[in-house]
Amino acid sequence: MEKKKVRATRTNGRKDSNGVFKAGHNDRSFNLENAEHVDADRSKWNVYWDYLQGYNLADENGVRPERKYLFDEVEYLYYHKQFGDSIDAQNERHEKSRHAERIRNVRQIMEDSRTCPEETIYQLGTKDGYEDPAVFVKVAAELFEVIQEKYGSHMQILDWALHMDEATPHIHERHVFFADDGYGMNFPKQEKACEAMGFHPPKPDKKKNKTNNCKVSYDEEIRRLYIEIAEKYGVIIEKDPLTGKNTWRKTISL
């Protein structure tokens, strides 16, 4: 029997009408009774990973080891360590220039849509047919390792979660881009980070805009790696493009 093709989808976002996306959605650190689309009985089979603690998996009885830090706490610790000096220095400059209203703390930087973590949803298939989750998680884990190894000087993968408790298995991965803040310290700067990684706008002779910037080229490269690694694991990818506008979370059939 011929193996069915699946569509490899990868969608980025930072916020919706409710504000910036929260890490707590991904590691289920909220009251699941309020989430109609989540089957709480299957949440024990979710796979969690973060840069501080590594993998968190349930055993054969569905018992998950206790974590010292939730995703939100992991992200706060990273922002504090990586960007704390830059934030403090910015605040000192604002205070000296008598602009106290511009002073911000780490949490405010994390909750600003311009500097918060970017979240990417990965999926192999739809609710009508999807790749074996065991294969999917291997593809994603290798992809994330490759991304971190190649581009870790200007970005950090903070955490990711394979959700088995919704209609279609999918992965939420969160990361932050950073570059020099102009004073020798790191600060969340997406476009400058992608440029420092060696990416250029798809049309370098044209003006930069939403569809012509370094991040667009970065995303194209990561999608190429995603498909390449999936095919290495024997996944047959449907490469005909979708028609119509593809919005955030649209590919997930909740």
Reported set for region 77-106 where residues are without any contact (Cβ under 8 Å) to a residue 40 or more places away in the chain, over 29 Å from Glu173 (Cα atoms) and not acidic (Asp, Glu) is Asn91, Arg93, His94, Lys96, Ser97, Arg98, His99, Ala100, Arg102, Ile103
Counting only residues in region 108-117 that are assigned to a helix (DSSP H, G or I) and more than 19 Å from Asp50 (Cα to Cα), the one nearest to the chain's Cα centre (by Cα) is identified as Ile109
Scanning region 32-76 for residues that are in contact (Cβ under 8 Å) with a residue 60 or more places away in the chain and in a loop (DSSP other than H, G, I, E, B), the one surrounded by the fewest Cβ atoms within 10 Å (Cβ to Cβ) turns out to be His37
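Of the residues that make up region 87-107, is at least one within 21 Å of Asn12 (Cβ to Cβ) and at pLDDT 95 or above?
no
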Those residues of region 123-142 that are touching a Leu at 6+ places or on another chain (Cβ under 8 Å) and either at positive phi or in a strand (DSSP E or B) (or both) come to a total of 1
| field | Test for Ala167: is it of a type in the set (Gly, Ala, Ser), modelled with pLDDT under 95 and either out of contact with any Cys (no Cβ under 7 Å at 6 or more places or on another chain) or in a helix (DSSP H, G or I) (or both) | value | yes
Kindly evaluate Phe83 against the criterion of being surrounded by 13 or more Cβ atoms within 10 Å (Cβ to Cβ), under 25 Å from Glu191 (Cα atoms) and at pLDDT 95 or above.
yes
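The values are calculated or read from the model by the stated rules, or taken from the named source; none is laboratory data. Keep in mind it's a predicted model, so treat the numbers as computed, not measured. Cβ: placed from backbone, ideal geometry, glycine included. Neighbour counts: every protein chain shown.
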